[in-house]
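Just below is one structure, and these are the notes that go with it.
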Number of protein chains: 2
Amino acid sequence: MAKIIDGKAIAKEIHGEIANEVRSLSEKYGKVPGLAVVIVGMRKDSQSYVRMKRKACAEVGIKSLDLDLPEDVSEAEVIATVHELNANPDVHGSSPSLYSPLDLASLAKHINEENVLSEISIEKDVDGFHPLNIGKLAMKGREPLFMPCTPKGCLELLSRSGISTKGKRAVVVGRSNIVGLPVALLLQKADATVTIVHSRTPDPEKIICEADIVIAAAGQAMMIKGDWLKPGAVVIDVGTNSVDDPSRKTGYRLVGDVDFEEASKVAGWLTPVPGGVGPMTVAMLLKNTLDGAKRKIIQ
Amino acid sequence: MAKIIDGKAIAKEIHGEIANEVRSLSEKYGKVPGLAVVIVGMRKDSQSYVRMKRKACAEVGIKSLDLDLPEDVSEAEVIATVHELNANPDVHGSSPSLYSPLDLASLAKHINEENVLSEISIEKDVDGFHPLNIGKLAMKGREPLFMPCTPKGCLELLSRSGISTKGKRAVVVGRSNIVGLPVALLLQKADATVTIVHSRTPDPEKIICEADIVIAAAGQAMMIKGDWLKPGAVVIDVGTNSVDDPSRKTGYRLVGDVDFEEASKVAGWLTPVPGGVGPMTVAMLLKNTLDGAKRKIIQ
């Protein structure tokens with residue numbers, strides 16, 4: 001049976017470490033990190049993610065600046081807000097929720113995500129989505145100021161479980177800008193041999209079954225079956241898909257991209273959904289905010 | 001026997017197309033594209049690459065602005081030169097040779113490549129090495145202003161030979177910022193399923209032998225043997241290594257990363273060294289310069 005990687009427990013541990021650092025910053029310099037948590041509109045899944053971010057900030061002592069913009073806000077107004085946040089010395093990171101981390105669909109169709117994200121000061125890009133940060137993440141010998149939170153969380157789960165990536169075969173399933181692509185770049189920087197499989201890959205199972213490490217980020221409920229995995233593989237499941245479940249009061253439950261029950265009989269390590277990668281995304285956002293603040297506060 | 005992909009002939013064809021476009025730009029707008037070809041110091045291999053660039057410009061009617069900086073020029077002076085070129089409206093591309101394309105070793109140790117390259121205006125970054133261009137190359141739904149010349153040349157060799165990349169397994173050998181990484185990103189954008197193997201990959205031959213398309217960019221003379229290849233594979237050899245050859249007057253000859261003789265018996269398509277990828281790098285630099293000029297001249 002696979003060992004379960006408990007993302008909730010690891011994230012809690014990281015929250016504790018961040019809270020300590022925030023306290024010591026505050027004592028030594030009289031300043032605390034600040035994170036602007038911006039949301040456009042009222043979509044439910046985005047709202048719940050934003051609530052998590054704000055709650056987590058409060059827990060560790062990061063000051064969150066909460067901005068709720070109406071659904072019909074113009075792109076120019078969002079950009080003006082970003083510029084204000086860039087200029088605000090109490091804000092060390094800007095994390096606008098223009099889309100949902102769950103389905104990556106644009107929340108507000110009239111707002112061009114690229115236009116907004118590229119206006120965020122590179123020094124406050126705590127989501128790590130600015131193309132300049134992605135470029136530096138991709139390149140050998142360069143370091144981004146911030147790494148995207150979910151990919152960084154995946155690698156943190158590995159390292160805190162004592163799993164090395166060096167020389168390992170890693171297969172990333174999915175090539176989104178938010179998870180698949182950057183997690184592949186991170187694994188490559190960590191000396192893994194990386195393959196990205198995607199919707200155009202014929203027979204993905206033939207490649208996945210060679211992997212020592214599988215990162216599942218395709219957004220397809222339970223697509224990865226037990227017999228797709230190499231025995232003993234490490235499986236990090238980034239998927240969060242809701243499937244109908246009449247046995248539940250809500251009528252649905254959340255499942256990953258991996259068939260958990262089957263995989264748990266084959267894999268060596270496995271993250272659950274929920275409670276695996278999910279909590280790590282917020283933990284890494286707090287960590288990025290702390291790091292950004294330290295660069296500004298400690299000179 | 002493998003079909004030989006004749007890079008010299010394809011590059012010549014592209015030169016012809018560029019020359020036509022340059023002529024028509026000149027007739028319609030009274031302006032020609034300009035490329036600043038900058039070289040620091042006198043190293044032989046860099047000089048020969050720079051000479052090729054200048055000669056090719058002359059051939060197609062691109063105006064090359066030739067700047068030869070002394071070996072002991074300071075980083076600040078190089079950056080000042082870059083700033084002048086950024087401001088010069090007759091220059092549509094800046095291509096500084098700070099290192100040799102052959103061995104990628106820094107030519108002038110006291111000059112930090114990253115500092116210089118990141119000062120080149122993104123709109124004149126015809127080498128495509130700016131991290132912002134690399135980031136956009138990596139990301140889905142984003143387009144870089146310029147793609148790095150050698151990787152772009154590799155894909156051009158494929159497409160002009162009628163070879164599709166969609167759904168194919170591609171293996172890139174080597175992960176340099178100049179070739180390995182960006183060619184992997186380009187192949188991925190073209191819907192191939194891409195694996196990068198590198199110096200930390202155990203048993204690279206086990207991965208290479210699964211590839212429909214192999215891009216060899218490791219800088220290791222003849223490392224890829226015939227029995228490492230899947231029969232019928234397309235093999236693009238980016239390597240240019242000089243090996244001792246007492247039978248030649250010069251005492252050496254150039255070979256690729258692929259054992260050409262062995263590979264030609266197994267592969268379906270193969271590029272020679274020299275005369276394969278090499279001429280494409282310069283052709284793509286001219287193409288990027290033309291494209292940059294068109295963006296400025298045709299409004």
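The values are calculated or read from the model by the stated rules, or taken from the named source; none is laboratory data. Computed from a predicted model, the values in this text were never measured in an experiment. Cβ coordinates were reconstructed from backbone atoms using ideal geometry, including for glycine residues, and neighbour counts include every protein chain displayed. All accessible areas refer to the heavy atoms of the entire protein, side chains included, with ligands and DNA or RNA removed. Shrake-Rupley method; radii C 1.70, N 1.55, O 1.52, S 1.80 Å.
Label point of residue A:294 (7 Å along Cα→beta-carbon): distances to the other copies' equivalent points are 4.8 nm, sorted ascending. Solvent exposure of the protein assembly as shown, expressed per residue, is 43 Å² of accessible area, with all protein chains present and a 1.4 angstrom probe. Take the Cα of residue A:3, step 7 Å toward its Cβ, do the same at residue B:209, and the gap between the two points is 3.3 nm. Taking a span of 20 Å or more along the helix axis (Cα atoms) and a mean Kyte-Doolittle hydropathy of at least -1.0 as the rule, the DSSP H helices of chain B that qualify are B:7-29, B:278-297. Between chain B and chain A, the total buried accessible area stands at approximately 3200 Å², from heavy atoms with a 1.4 Å probe. Largest to smallest in accessible area, the residues A:92, A:110 fall in the order A:110, A:92 (1.4 Å probe, all protein chains included).
When shorter helices are ignored and each DSSP H run of at least 4 residues is given -39500 (n - 2.57), the per-residue value for the protein assembly as shown at 222 nm works out to -12000 deg cm²/dmol. Zone of residue A:140 (label point 7 Å along Cα→Cβ, backbone N under 12 Å): which residues in segment B:179-209? Of the residues in segment B:179-209, B:179-182, B:197-201 have backbone N under 12 Å from the label point off residue A:140. The other copies place their residue B:199 label points at 3.9 nm from this one, listed shortest first, where each point is 7 Å from Cα along Cα→Cβ. Chain A residue nearest by beta-carbon to the axis mapping A to B, with distance in Å: A:135, 1. Between the residues B:67, B:9, B:35, the greatest Cα displacement towards the positive end of the dipole of segment B:1-75, with unit charges on the Cβ of Lys, Arg, Asp and Glu, is found for B:9. Each Cα pair under 8 Å and six or more residues apart adds its separation to the average, and for chain B the resulting relative contact order is 22 percent. Of B:55/B:287; B:12/B:53; A:136/B:124; A:168/B:166, which sit over 21 Å apart, Cα to Cα? Violating the 21 Å limit, Cα to Cα: A:168/B:166. Are there residues in segment B:135-156 whose accessible area shrinks by at least 20 Å² when all protein chains are included rather than the chain by itself, and which are they (probe 1.4 Å, ligands and nucleic acids not counted)? Correct list: B:135, B:136, B:138, B:139, B:140, B:142. Going by accessible surface with a 1.4 Å probe and the largest first, A:147, A:1 read A:1, A:147.
What percentage of all Cα-Cα pairs in the protein assembly as shown are separated by more than 35 Å? Roughly 44 percent, rounded to a whole number. Between copies, the label points at residue B:71 (set 7 angstrom from Cα along Cα-to-Cβ) are spaced 6.9 nm, reported in nanometres from shortest to longest.
Using a 1.4 angstrom probe on heavy atoms only, work out the carbon and sulfur share of the accessible area of the protein assembly as shown in %.
Working: 13300 of 25490 Å².
Heavy-atom surface of the protein assembly as shown belonging to carbon and sulfur, 1.4 Å probe: 52 percent.
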